[in-house]
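The values are calculated or read from the model by the stated rules, or taken from the named source; none is laboratory data. Computed from a predicted structure; not experimentally measured. Cβ placement follows ideal geometry from the backbone for every residue including glycine, while neighbour counts extend to all protein chains displayed.
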């Protein structure tokens, strides 16, 4: 399908989703939220896709909400304003729940809701000269936006998350890496190579094992130890009985790269 605010492309096992409003720093709109949700449905329905890379067109990753659009909502009924907020929240939730690895390629500034989108990805690769800004308080908003108050404490801990959000902290790539906000940082000219190398490695991995790994990590904080052990027993048994595990063992014994098929 055609999108007005996004580009979705697929090459082999890797899909690439680009926020495509470069003239507005890829700022979020209600239309983008709806299109992002549709794109997630399409990716979920494509069994050949084993990794997703999310990026921004032009010089920015995402500037957060399009303030021009949301300013028009100021005089709207509360239900309409909340509906606009939820449009992007639901799309971010759909991306977070994808069973494949999702990589944020942070090619430029990510602010506000754009940070939430990046934090919802499983891994983040950031250009050294890009910025990641939690500047909600500076414009009279709460940091409880785009999933940030869910994702950020899980990455840096509640106390540090509180400080970052209350102070409206802005990080460059190197500082974001030291904070653990991004997986890797690369010079702008090396960003594509760093992202593509990571995506290729993930796409070559065992789809069943990766799916269970994602579920285990993402859900573990809400489970008791006993529930997590029950999940691990089911997950590992399924993997041990899969053709991919047999292929992995054969490849190890034959000293070659495995060819996983998700079976």
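Give the residues of the stretch 237-263 that are in contact (Cβ under 8 Å) with a residue 12 or more places away in the chain and either assigned to a helix (DSSP H, G or I) or out of contact with any helix residue (DSSP H, G or I) (no Cβ under 9 Å at 6 or more places or on another chain) (or both), sorted by residue number.
Just the residues of the stretch 237-263 that are in contact (Cβ under 8 Å) with a residue 12 or more places away in the chain, to begin with: 238-239, 242-245, 247-248, 257-263.
Once the filter is applied, which keeps residues that are in contact (Cβ under 8 Å) with a residue 12 or more places away in the chain and either assigned to a helix (DSSP H, G or I) or out of contact with any helix residue (DSSP H, G or I) (no Cβ under 9 Å at 6 or more places or on another chain) (or both), the stretch 237-263 yields 238, 239, 243, 244, 245, 247, 248.
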Q: Could you tell me whether residue 243 is surrounded by fewer than 11 Cβ atoms within 10 Å (Cβ to Cβ) and either under 30 Å from residue 151 (Cα atoms) or over 24 Å from the mean Cα position of the chain (by Cα) (or both)?
A: no
Q: Confirm whether residue 52 is assigned by TED's automatic domain parsing to the domain that holds residue 94, within 23 Å of residue 85 (Cα to Cα), in contact (Cβ under 8 Å) with a residue 24 or more places away in the chain and within 17 Å of the chain's Cα centre (by Cα).
A: no
Q) Just wondering, is there one or more residues in the stretch 80-101 that are within 25 Å of residue 166 (Cα to Cα), in the same structural domain as residue 169 (by TED's automatic domain parsing), more than 19 Å from the chain's Cα centre (by Cα) and without any contact (Cβ under 8 Å) to a residue 12 or more places away in the chain? A) yes
Q: Scan (1) in a helix (DSSP H, G or I); (2) under 14 Å from the mean Cα position of the chain (by Cα); (3) crowded, with 16+ Cβ neighbours inside 10 Å; (4) in contact (Cβ under 8 Å) with a residue 40 or more places away in the chain for the single condition residue 116 breaks and write down its number.
A: (4)
Q. If you scan the stretch 1-18, which residues turn out to be in contact with a strand residue (DSSP E or B) (Cβ under 6 Å, 6 or more places away or on another chain) and touching a residue at least 60 places away in the same chain (Cβ under 8 Å)?
A. 14
(Q) What's the total number of residues in the stretch 57-99 that are closer than 30 Å to residue 209 by Cβ and part of a loop (DSSP other than H, G, I, E, B)? (A) 3
